[in-house]
Amino acid sequence: ERIWVKAVMRHAQIFAEKLILTRTITCSKKTNEITVTDEIENVGGEASPVMILYHMNMGYPMLSEAAELYIPAAEITPRNAHAAEDLDTWNKVLSPTPGFEEQCYYHAFDGKPGLAAIFNHDRGYGLAISFDSSSLNCFTQWKMMGVRDYVMGLEAGNCYPDGRDVMRKQGRLKFIAPGQKIQYQVHLRIVEDAEQWKQIKA
């Protein structure tokens with residue numbers, strides 16, 4: 001009932017971190033769903049920072065002014081002053097706009113299941129991304145409505161894309177102990193019609 005692909009990647013160097021990532025991508029044969037499961041193991045002798053972010057970009061034709069964005073977060077924080085200017089319309093999808101300056105919004109779910117979804121009402125399809133918001137507790141929305149740079153990033157992660165130094169200063173940097181294994185998972189589902197979209201938002 002499923003097709004899966006598995007890969008093992010080693011990230012290690014002398015006098016530095018020694019991590020092994022085992023990634024399994026599972027595709028259903030019966031439904032339009034994909035699950036990405038990552039297991040990270042620290043095979044070194046010291047605790048190591050561990051940062052992961054699933055950078056998924058929505059583009060045309062799914063992304064257009066006919067698209068509706070749904071992220072039922074408990075809290076939304078703009079990344080900077082420019083993003084704060086349009087906080088009231090963070091979920092509005094514009095048509096390609098010359099000179100548009102990118103905006104980022106950070107979404108916190110506060111224990112609720114992690115979910116981000118987009119649906120194009122003209123096309124009649126969309127995508128839903130679900131994840132465990134307790135382990136992937138930093139969700140980034142990257143809004144870039146430029147001409148030829150037209151994209152909406154929906155990015156579950158255990159960090160924000162501000163760099164390790166910023167995460168450390170904010171007390172958000174995650175660590176993995178020697179011998180420890182951590183698992184992360186994101187689930188992708190094609191939203192096939194308007195009825196499924198209503199069910200997602202219910």
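For region 65-81, the set of residues classified as part of a loop (DSSP other than H, G, I, E, B) and surrounded by fewer than 16 Cβ atoms within 10 Å (Cβ to Cβ) consists of GLU65, ALA66, PRO72, ALA74, ASN80, listed by residue number.
In this structure, LEU115 qualifies as open to solvent by 10 Å² or more (accessible area, probe 1.4 Å) and under 15 Å from LEU188 (Cβ atoms). Taking (1) surrounded by fewer than 21 Cβ atoms within 10 Å (Cβ to Cβ); (2) in a strand (DSSP E or B); (3) free of Cβ contacts under 8 Å to residues at least 60 places away in the same chain in turn, VAL151 satisfies each apart from (3).
Scanning region 154-184 for residues that are open to solvent by 50 Å² or more (accessible area, probe 1.4 Å) and in a helix (DSSP H, G or I) gives ARG164, ASP165, ARG168, LYS169.
Please tell me if LEU94 is open to solvent by 10 Å² or more (accessible area, probe 1.4 Å) and either hydroxyl-bearing (Ser, Thr, Tyr) or touching a Pro at 6+ places or on another chain (Cβ under 8 Å) (or both).
On the way: open to solvent by 10 Å² or more (accessible area, probe 1.4 Å): yes; either hydroxyl-bearing (Ser, Thr, Tyr) or touching a Pro at 6+ places or on another chain (Cβ under 8 Å) (or both): no.
In short, no.
Can you say whether ALA84 is closer than 22 Å to ALA202 by Cα and either among the basic types (Lys, Arg) or open to solvent by less than 60 Å² (accessible area, probe 1.4 Å) (or both), as far as the supplied structure shows? For ALA84, the condition - closer than 22 Å to ALA202 by Cα and either among the basic types (Lys, Arg) or open to solvent by less than 60 Å² (accessible area, probe 1.4 Å) (or both) - is not met.
The values are calculated or read from the model by the stated rules, or taken from the named source; none is laboratory data. Just so you know, these numbers come straight off a predicted model, no measurement behind them. Don't worry about glycine lacking a Cβ; one is built from the backbone with ideal geometry, like all the others, and counts go over all protein chains shown. In case anyone asks, the SASA skips ligands and DNA or RNA and just uses the protein heavy atoms, side chains included. Shrake-Rupley method; radii C 1.70, N 1.55, O 1.52, S 1.80 Å.
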